[in-house]
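Heads up: the structure comes next, in structure tokens.
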Amino acid sequence: MEDIRQRPRRNRQSAVVRALFRETSLTVDHLIYPLFLESKPLLKTEISSMPGIYRWGEEVLLKEIEKCVALGIRAFVLFPAVPDELKDSSASYSWDKNNFYLKAIRRIKQHFPEVWLVSDVAMDPYSSDGHDGWVEDGKIINDKTLPVLGQMAVAQADAGIDMIGPSDMMDGRVGYLRTVLDRAGFQQTGILSYTAKYASAFYGPFRDALDSAPKSGDKKTYQMDYANRKEAIRELRLDEQEGADMVMVKPAWSYLDVISEVKAHSTLPVAAYNVSGEYAMIKAAAANGWIDGTQAMEEMLVSIRRAGADVILTYFAPEYASLIQNRSKYI
Ligand code: PBG
């Protein structure tokens with residue numbers, strides 16, 4: 001017998017003691033579920049690179065939200081899949097009166113007034129160029145983008161969105177949108193800023209879902225270089241000064257260090273976006289029998305929270321919610 005004073009294994013010897021000492025908890029209260037909206041009300045189409053994730057028409061969407069609410073999920077972020085013929089270079093459909101996305105927001109709020117709805121503010125879903133900003137001669141023009149985002153945000157606030165989500169990475173847009181919303185009387189509409197959004201290969205399946213890939217070039221002149229961490233803090237300081245209500249790191253899994261850094265430097269709630277490619281990788285490996293998809297999902301989500309995320313945007317939300325709902329004890 002060795003003389004070992006410190007035996008960390010004592011605290012791991014049963015499920016009960018492990019549950020007692022578990023440092024990180026993850027409940028449905030921490031989750032926001034991203035939903036893709038389809039223009040045809042009755043259509044439901046599965047996204048091939050994201051098994052289990054669909055584009056929902058307005059009618060079928062309401063039923064899906066009802067199911068999610070029954071699972072305890074009460075926060076959603078909405079993305080529109082806009083038909084090509086409605087796209088143009090100024091993203092004008094984003095504030096069109098007949099916009100199906102704005103109509104859907106109104107209907108969801110009528111049926112489920114208690115849910116928390118977050119929007120997407122960026123030009124790419126509506127833009128014939130497939131970029132988040134205004135394109136001229138192949139360049140993304142920051143200050144011409146801001147008024148477009150402003151009109152889009154006011155239209156969404158008017159439809160009843162609780163929090164707008166600028167995902168575009170233009171400079172100064174949080175402050176600009178705060179001013180525009182306030183002047184239009186939407187002081188209570190929050191801003192979830194995509195603070196540190198990196199130019200990432202992990203957005204691939206999302207661009208399939210919305211058919212929103214850039215028609216030319218890439219997004220590296222506005223989204224961040226994934227080699228950078230200090231730059232995230234610079235963006236954080238600006239977003240705080242400009243009036244963000246929640247800040248976000250995106251993607252999540254390859255950016256756990258950035259999440260902890262942002263958490264350590266801010267008193268605002270911190271979100272992390274567990275993006276489409278992170279979801280797709282687990283689904284693909286599990287479908288091949290290479291990993292246990294359920295366990296890998298939980299490990300991934302808990303690690304994002306352990307890194308410091310208060311809130312996680314994840315396509316796994318319903319799957320995780322049913323997992324914990326059906327579980328009687330910790331494993
Ligand atoms: C674009 C936007 C993207 C995502 C959310 N908003 C893609 C991009 O920047 O090209 C990605 C989300 C995901 O991959 O799950 N405004």
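Below, the figures for the structure above:
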| read-out | value |
| --- | --- |
| Search result, residues across segment 273-289 that are within 16 Å of the ligand (Cβ to nearest atom) and open to solvent by 40 Å² or more (accessible area, probe 1.4 Å) | Met281, Lys283, Ala284 |
| Yes/no for Ala159 being more than 8 Å from the ligand (Cβ to nearest atom), open to solvent by less than 50 Å² (accessible area, probe 1.4 Å) and either more than 21 Å from Ala81 (Cα to Cα) or modelled with pLDDT of 95 or more (or both) | yes |
| Residue count for segment 210-232, restricted to those that are of a type outside the set (D, E, K, R) and over 24 Å from Gly138 (Cα atoms) | 3 |
| All positions within segment 163-188 that are under 13 Å from Val121 (Cα atoms) and part of a loop (DSSP other than H, G, I, E, B) | Gly165, Ser167, Asp168, Met169, Met170 |
| Those residues of segment 113-130 which are part of a loop (DSSP other than H, G, I, E, B), more than 9 Å from the ligand (Cβ to nearest atom) and out of contact with any helix residue (DSSP H, G or I) (no Cβ under 6 Å at 6 or more places or on another chain), in sequence order | Pro113, Glu114, Val115, Ser128, Asp129 |
| Criterion violated by Gly130 - all others in (1) open to solvent by less than 10 Å² (accessible area, probe 1.4 Å); (2) within 21 Å of the chain's Cα centre (by Cα); (3) on the phi < 0 side of the Ramachandran plot satisfied | (3) |
| Answer residue from segment 206-220, given it is over 19 Å from the mean Cα position of the chain (by Cα) and either touching a residue at least 40 places away in the same chain (Cβ under 8 Å) or more than 13 Å from the ligand (Cβ to nearest atom) (or both) and is farthest from Ser89 (Cα to Cα) among those | Gly217 |
| Any hit, segment 221-234, residues being under 17 Å from Ile47 (Cβ atoms) and in contact (Cβ under 8 Å) with a residue 60 or more places away in the chain | no |
| Hits in segment 139-155 (condition: open to solvent by less than 20 Å² (accessible area, probe 1.4 Å) and touching a strand residue (DSSP E or B) at 6+ places or on another chain (Cβ under 7 Å)) | Thr145, Val148, Leu149, Met152, Ala153 |
| Residues of segment 188-205 satisfying the condition of being within 11 Å of the ligand (Cβ to nearest atom) and under 30 Å from Thr267 (Cβ atoms) | Tyr194, Lys197, Tyr198, Ala199, Ser200, Phe202, Tyr203 |
| Filter pass, Met1 being part of a loop (DSSP other than H, G, I, E, B) and within 26 Å of Glu299 (Cβ to Cβ) | no |
| Search result, residues across segment 213-261 that are of a type in the set (D, E, K, R) and outside any helix (DSSP H, G or I) | Lys215, Asp218, Lys219, Lys220, Asp225, Arg229, Asp245, Lys250 |
| Those residues of segment 113-123 which are charged (D, E, K, R) and open to solvent by 20 Å² or more (accessible area, probe 1.4 Å), in sequence order | Glu114 |
| Within segment 232-257, considering residues that are farther than 22 Å from Arg178 by Cα and away from the ligand (no atom under 16 Å from the Cβ), the one farthest from the chain's Cα centre (by Cα) | Asp257 |
| Qualifying residue in segment 254-272 (condition: in contact with a Phe, Trp or Tyr (Cβ under 6 Å, 6 or more places away or on another chain) and surrounded by fewer than 23 Cβ atoms within 10 Å (Cβ to Cβ)) | no |
| Inter-residue pairs, beta-carbon under 6 Å, first open to solvent by 50 Å² or more (accessible area, probe 1.4 Å) and in segment 179-205, second within 16 Å of the ligand (Cβ to nearest atom) and β-branched (Val, Ile, Thr), 6+ apart | Phe202/Val275 |
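For (1) part of a loop (DSSP other than H, G, I, E, B); (2) within 21 Å of the chain's Cα centre (by Cα); (3) among the hydrophobic types (A, V, I, L, M, F, W, C), each residue gets a yes or a no:
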position: Glu278; (1), (2), (3): no, yes, no
position: Ala286; (1), (2), (3): no, no, yes
position: Ala309; (1), (2), (3): yes, yes, yes
position: Pro318; (1), (2), (3): no, yes, no
position: Ile324; (1), (2), (3): no, no, yes
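The values are calculated or read from the model by the stated rules, or taken from the named source; none is laboratory data. Worth saying up front: this structure is predicted, and the values here are computed from it rather than measured. Cβ atoms come from the backbone with ideal geometry, glycine included; neighbour counts cover every protein chain shown. Please note that ligands, DNA and RNA were not included when accessible areas were found on the heavy atoms of the full protein model with its side chains. Shrake-Rupley method; radii C 1.70, N 1.55, O 1.52, S 1.80 Å.
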